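For reference, the structure is listed below as structure tokens.
The values are calculated or read from the model by the stated rules, or taken from the named source; none is laboratory data. These numbers come from a predicted model, not from an experiment. Neighbour counts are summed over all protein chains in view; Cβ atoms, including those assigned to glycine, are modelled from backbone coordinates with ideal geometry. Just the protein is used for accessible areas: all its heavy atoms, side chains included, with ligands, DNA and RNA removed. Shrake-Rupley method; radii C 1.70, N 1.55, O 1.52, S 1.80 Å.
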Amino acid sequence: MTRPPLGEIELIDRLADIFGAAPPEVALGIADDCAALDLGGPDYLLWTMDTLMEGVHFDLAYTSLSLLGRKSLAVNLSDIAAMGGKPAYALLSLGWPPGRDLASALQFGEGLAACARNYEVTVIGGDTVSSTLGVAVAVTILGRVPKTEMLRRSGAKLGDRVYVTGTLGDSAAGLEILRRKLDVDPSLREPLIRAHLDPQPQMAAGRLLAQAGLATACIDLSDGVATDLYHICRLNGVGARVAAENLPLSPGVRPVARMLGKDPEELALQGGEDYQLLFTSSPAQASRVPETFTQAGLEAPSHIGEISPGDEVVLITGKKEKIISRGGYDHFRLDPPKKL
């Protein structure tokens, strides 16, 4: 009897085995943020999709349909950013409960369209269906990236430095504020809620990393550093060490963590949905990384750790070490944390 998959990572591995090898024109297939197709010319065609389910990824009690539309596109754009690419076209599959006002689906469409205009994306088609399980959204994006610039999850080497753009744990903290109605100072509360409901894909940072040749590997932070960095480690046969003191936290994350009785590092490493970029870079580029970002008018990324021997992601807190591999979101873990 075949043992069932242990989690999302194993399920993807086994499905990849079932699907078999990709044809030669597929330059990059399963196991990265996007598939990349070589159809001739100087660019790869990037192809990605994400699905958002009501009751799993969002709750309409505290997000508007317009914001949901924006987020549905933004989370896909984040995959394109992680490859260093530029988005071009989108397809939408929308499942809508038959008992709800169909006209309100237009609010969702308006939000998605506004986000698409911001990033010069054209929605060119899709599908609409009845859904008895709540609103279901699947967006597919096509983009392109020069063949000489494409970022991948593979490529990290021993000794490489690990960086993240932006701050960590904002979305997780914002979610808990909404779910638990936490009484947080409005000046701290609003940025965290905005980070959860209206994430900003790091398109400029992704293109900069690609054009400047700074990243040896890159991934977007959808499931949390603990899981997403583990994806890079697993693919490259390495481990990583992350320094808790180096994690970039916005001012509101610590008070929210105290209200929850958690360490702020837990929100930063395991919360997920920050949609920042995590990348590795050669130590020889240590001074060039912040300089390049600053010169481009972008906030310099934070150096949070190193690629190391082994096969686990380890958190260093003072003199303590803790394995945190897979500590982020997993759809198929028993009693996984909600992504709502």
- Please list, ordered by first then second residue, the pairs with beta carbon atoms under 7 Å, 6 or more apart or interchain, first in segment 297-317 and farther than 14 Å from P283 by Cβ and modelled with pLDDT of 95 or more, second open to solvent by 50 Å² or more (accessible area, probe 1.4 Å) and among the hydroxyl-bearing types (S, T, Y). A300/T294
- Among the numbered criteria (1) under 26 Å from H196 (Cβ atoms); (2) in a strand (DSSP E or B); (3) out of contact with any Ser or Thr (no Cβ under 6 Å at 6 or more places or on another chain); (4) not hydroxyl-bearing (S, T, Y), which single criterion is violated by V162? (3)
- Task: Kindly list the number of the only condition in (1) surrounded by fewer than 24 Cβ atoms within 10 Å (Cβ to Cβ); (2) at positive phi; (3) in contact (Cβ under 8 Å) with a residue 12 or more places away in the chain that fails for R194.
- Result: (2)
- Restricting segment 290-331 to residues that are among the hydrophobic types (A, V, I, L, M, F, W, C) and assigned to a strand (DSSP E or B), the residue that is farthest from L175 (Cα to Cα): I307
- For residues that are part of a strand (DSSP E or B) and of a type in the set (S, T, Y), scanning just segment 70-126, find the one that is surrounded by the fewest Cβ atoms within 10 Å (Cβ to Cβ). T122
- Determine which member of the set A204, A210 is of a type in the set (G, A, S), at negative phi, under 20 Å from the mean Cα position of the chain (by Cα) and buried (at least 22 other Cβ atoms within 10 Å of the Cβ). A210
- Query: If we scan segment 248-259, do we find a residue that is over 19 Å from G206 (Cβ atoms), charged (D, E, K, R) and open to solvent by 10 Å² or more (accessible area, probe 1.4 Å)?
  - Reply: yes
- Would you please list the contacts, defined by Cβ atoms under 7 Å and residues six or more apart or on different chains, that run from a residue in segment 60-73 that is over 17 Å from Y119 (Cα atoms) to a residue that is open to solvent by less than 50 Å² (accessible area, probe 1.4 Å) and of a type in the set (S, T, N, Q)? L65/S104
- Residues in segment 17-28 that are under 22 Å from M150 (Cα atoms) and out of contact with any Asp or Glu (no Cβ under 7 Å at 6 or more places or on another chain): how many? 6
- Only one of R241, R234 that is surrounded by fewer than 21 Cβ atoms within 10 Å (Cβ to Cβ) and either over 19 Å from the mean Cα position of the chain (by Cα) or closer than 19 Å to E321 by Cα (or both): R241
- Task: Look at Y62 and say whether it is within 20 Å of L28 (Cβ to Cβ), open to solvent by 10 Å² or more (accessible area, probe 1.4 Å) and either part of a strand (DSSP E or B) or not basic (K, R) (or both).
- Result: no
- Message: I need the full set of residues from segment 17-30 which are open to solvent by 50 Å² or more (accessible area, probe 1.4 Å), among the hydrophobic types (A, V, I, L, M, F, W, C) and either within 18 Å of R152 (Cα to Cα) or part of a loop (DSSP other than H, G, I, E, B) (or both), in order please.
- Response: A21, A22, I30
- Item | Filter result for M49 (closer than 27 Å to A217 by Cα, open to solvent by 20 Å² or more (accessible area, probe 1.4 Å), modelled with pLDDT of 95 or more and not in a loop (DSSP other than H, G, I, E, B)) | yes
- Task: Taking G55 as meeting all but one of (1) at negative phi; (2) within 21 Å of the chain's Cα centre (by Cα), write down the number of the exception.
- Result: (1)
- Single unsatisfied condition, G174 versus (1) in a helix (DSSP H, G or I); (2) surrounded by fewer than 24 Cβ atoms within 10 Å (Cβ to Cβ); (3) touching a helix residue (DSSP H, G or I) at 6+ places or on another chain (Cβ under 7 Å): (2)
- Task: Being in a helix (DSSP H, G or I) and touching a residue at least 40 places away in the same chain (Cβ under 8 Å) is the filter here, so list the residues in segment 272-289 that pass it.
- Result: P283, Q285, R288, V289
- All but one of (1) open to solvent by less than 40 Å² (accessible area, probe 1.4 Å); (2) closer than 27 Å to L208 by Cβ; (3) of a type outside the set (S, T, Y) hold for G134; which doesn't? (2)
